[in-house]
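Novice: I am attaching a structure below and will ask some questions about it afterwards.
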Amino acid sequence: MRAPIIMAFLRGGFKTPTLASVSGLVTFQNWNEPLQTHLALTDDPTEMIVVWVTKNSSNPQVKWGTASGDYTHILDADSSSYSASDMCGSPAIDFGYRDPGLLHKAKLSGLQPGLTYYYTCGDQQFGWSQEFSFRAAMPAFFETTTRVSAFGDMGVAELDDSRQIVSPEQPAINTTRLLNYYRDETDVVLHIGDIAYAVGYAATWEEFFDQVQSVAANVPYMVCIGNHERDFPGSNGLFNGTDSGGECGVPHERRFPMPRPALDQAWYGFDYGSAHFVLMSTEHFFYPGSPQYQFLETHLKAVDRTRTPWLIFAGHRPMYIDSTNYDIPAGDQTVARELRKYVEPLLNEYRVDVAFWGHHHSYQRTCPVYQEHCTEGATTHIVIGMAGKGLSKNVL
């Protein structure tokens with residue numbers, strides 16, 4: 001948000017706040033310091049996308065090479081942003097809005113499989129970020145272990161457990177620490193919805209990227225969209241709740257350049273080594289005839305299992321879940337029934353090995369199952385929505 005701020009210390013909590021002290025004006029030494037750096041894969045394993053944010057720098061670039069500090073390539077970045085008018089409701093369009101600055105995106109190409117690359121982003125006038133590194137993706141055909149850190153529903157927390165706009169997600173600190181601990185042993189991070197729980201407060205997105213940068217700037221960070229990124233009345237989604245705080249998917253899609261077919265089509269696939277990944281949106285229509293259903297059917301059918309023998313699927317709301325929530329239309333069991341009716345036949349026909357889900361803040365795992373019966377060779381479903389938000393207790 002790159003704005004001068006004054007910090008206040010309050011006693012008495014949110015219900016009976018009493019002002020105890022106020023700081024002086026705090027501002028930036030470098031308004032265009034590169035921040036919020038993160039990586040994303042494309043549908044081409046020889047490419048990697050680098051994303052970062054500044055206030056308004058005019059010549060953003062990435063310098064990169066195969067040796068630390070020796071950058072043999074330099075690449076101009078594309079820049080974009082979004083405004084309050086791009087979103088659809090409060091608080092995202094009014095008191096929760098802060099100028100996100102410029103979002104810069106550079107696509108590195110011609111990468112060699114498994115080779116480590118070093119890079120820095122920024123510009124000549126305002127300076128460069130610290131150095132980060134990543135391993136280029138392993139293409140299909142490679143008989144190699146693919147290591148994935150997968151989870152959902154993480155959010156943001158402060159180390160000192162201070163102010164939270166929404167309910168605390170303190171376990172997110174533990175998840176982030178584990179991601180950092182296993183960073184060098186991880187090929188892909190898969191965050192399947194309910195990313196930052198910003199719910200219309202732009203500053204929370206910045207807190208989130210600061211929290212995960214040490215991981216996401218070194219390992220591709222791939223995401224699904226969840227209800228707390230997308231859902232809002234009248235936004236042409238599947239559900240009309242207010243869970244996104246008026247964001248309607250805009251910050252999520254602009255900040256995470258996944259290889260989607262188009263804006264507001266939050267479904268895609270990519271290869272990594274011996275695995276092909278397919279990610280859906282449970283917040284958009286997935287019925288036969290819908291754009292998402294057509295994509296899933298065509299995409300799953302086209303997967304060559306001689307090239308990528310493992311087929312991994314993911315979405316936010318679960319297809320199988322132990323939950324007492326039968327609310328209509330968005331209850332856990334209500335949505336699970338619809339997913340089993342329309343999407344599960346595709347998973348069965350195209351022999352999906354594993355499906356990851358979030359939304360319910362718990363860990364759950366099924367047998368290989370089809371149409372609610374354990375079936376040899378069917379898909380195993382794993383709910384992993386326990387990365388930060390308070391655990392769900394509505395189990396049977």
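Novice: Checking ARG254 against (1) part of a loop (DSSP other than H, G, I, E, B); (2) touching a Phe, Trp or Tyr at 6+ places or on another chain (Cβ under 7 Å), only one condition comes out false. Which one?
Specialist: The number of the failed condition is (1).
Novice: Among the listed residues VAL383, VAL354, VAL303, which satisfies the condition of being surrounded by 23 or more Cβ atoms within 10 Å (Cβ to Cβ) and in contact with a strand residue (DSSP E or B) (Cβ under 6 Å, 6 or more places away or on another chain)?
Specialist: Selected residue: VAL383, the only one of VAL383, VAL354, VAL303 that is surrounded by 23 or more Cβ atoms within 10 Å (Cβ to Cβ) and in contact with a strand residue (DSSP E or B) (Cβ under 6 Å, 6 or more places away or on another chain).
Novice: Condition check: of a type in the set (D, E, K, R) and out of contact with any strand residue (DSSP E or B) (no Cβ under 7 Å at 6 or more places or on another chain). Does ASP271 satisfy that?
Specialist: The answer is yes for ASP271.
Novice: Next question. If you go through the range 197-227, how many residues are within 13 Å of the chain's Cα centre (by Cα) and at positive phi?
Specialist: Counting residues in the range 197-227 that are within 13 Å of the chain's Cα centre (by Cα) and at positive phi gives 1.
Novice: While we're on this one: For residues in the range 207-249 being among the β-branched types (Val, Ile, Thr) and in a helix (DSSP H, G or I), which is surrounded by the fewest Cβ atoms within 10 Å (Cβ to Cβ)?
Specialist: Among residues in the range 207-249 that are among the β-branched types (Val, Ile, Thr) and in a helix (DSSP H, G or I), the one surrounded by the fewest Cβ atoms within 10 Å (Cβ to Cβ) is VAL215.
Novice: Just give me the residues in the range 125-150 being assigned to a loop (DSSP other than H, G, I, E, B) and among the aromatic types (Phe, Trp, Tyr), in sequence order.
Specialist: Selection gives PHE126, PHE141, PHE142.
Novice: What single numbered condition from (1) assigned by TED's automatic domain parsing to the domain that holds ARG177; (2) within 27 Å of VAL156 (Cβ to Cβ) fails to hold for SER392?
Specialist: (1)
Novice: Can you find a residue that is on the phi > 0 side of the Ramachandran plot and either assigned by TED's automatic domain parsing to the domain that holds LEU39 or assigned to a strand (DSSP E or B) (or both) anywhere in the range 71-87?
Specialist: No, the conditions are met nowhere in the range 71-87.
Novice: Now, a different point. Report yes if ASP153 is modelled with pLDDT of 95 or more and either among the hydrophobic types (A, V, I, L, M, F, W, C) or in a loop (DSSP other than H, G, I, E, B) (or both), otherwise no.
Specialist: It is true that ASP153 is modelled with pLDDT of 95 or more and either among the hydrophobic types (A, V, I, L, M, F, W, C) or in a loop (DSSP other than H, G, I, E, B) (or both).
Novice: Another question, if that's okay. Looking at the structure I just gave you, is GLY289 assigned by TED's automatic domain parsing to the domain that holds LEU190 and either over 17 Å from ALA150 (Cα atoms) or of a type in the set (Val, Ile, Thr) (or both)?
Specialist: Yes: the conditions hold for GLY289.
Novice: Related question: Working only within the range 88-124, note down all residues that are under 20 Å from the mean Cα position of the chain (by Cα) and either modelled with pLDDT under 95 or in a strand (DSSP E or B) (or both).
Specialist: Listed by number, the residues that qualify are LEU102, LEU103, HIS104, LYS105, ALA106, LYS107.
Novice: Tell me which residues, restricted to the range 354-390, are assigned to a strand (DSSP E or B) and among the aliphatic types (A, V, I, L, M).
Specialist: The answer is VAL354, ALA355, VAL369, ILE382, VAL383, ILE384.
Novice: I would also like to ask the following. Of all residues in the range 262-282 being free of Cβ contacts under 8 Å to residues at least 60 places away in the same chain and part of a loop (DSSP other than H, G, I, E, B), which is surrounded by the most Cβ atoms within 10 Å (Cβ to Cβ)?
Specialist: Looking at residues that are free of Cβ contacts under 8 Å to residues at least 60 places away in the same chain and part of a loop (DSSP other than H, G, I, E, B), I get ALA266.
Novice: Turning to a different aspect of this structure: Applying the selection to the range 330-351, what residues are surrounded by fewer than 19 Cβ atoms within 10 Å (Cβ to Cβ), assigned to a loop (DSSP other than H, G, I, E, B) and over 25 Å from the mean Cα position of the chain (by Cα)?
Specialist: Matches in the range 330-351: ARG351 only.
Novice: Further question: Please state which one of ASP194, ASP161 is free of Cβ contacts under 8 Å to residues at least 60 places away in the same chain, in the same structural domain as PHE313 (by TED's automatic domain parsing) and at positive phi.
Specialist: Result of the check over ASP194, ASP161: ASP161.
The values are calculated or read from the model by the stated rules, or taken from the named source; none is laboratory data. The model shown is predicted, which means the values in this text are computed figures rather than measured ones. No Cβ is skipped: glycine too gets one built from the backbone with ideal geometry, and neighbour counts run over all protein chains shown.
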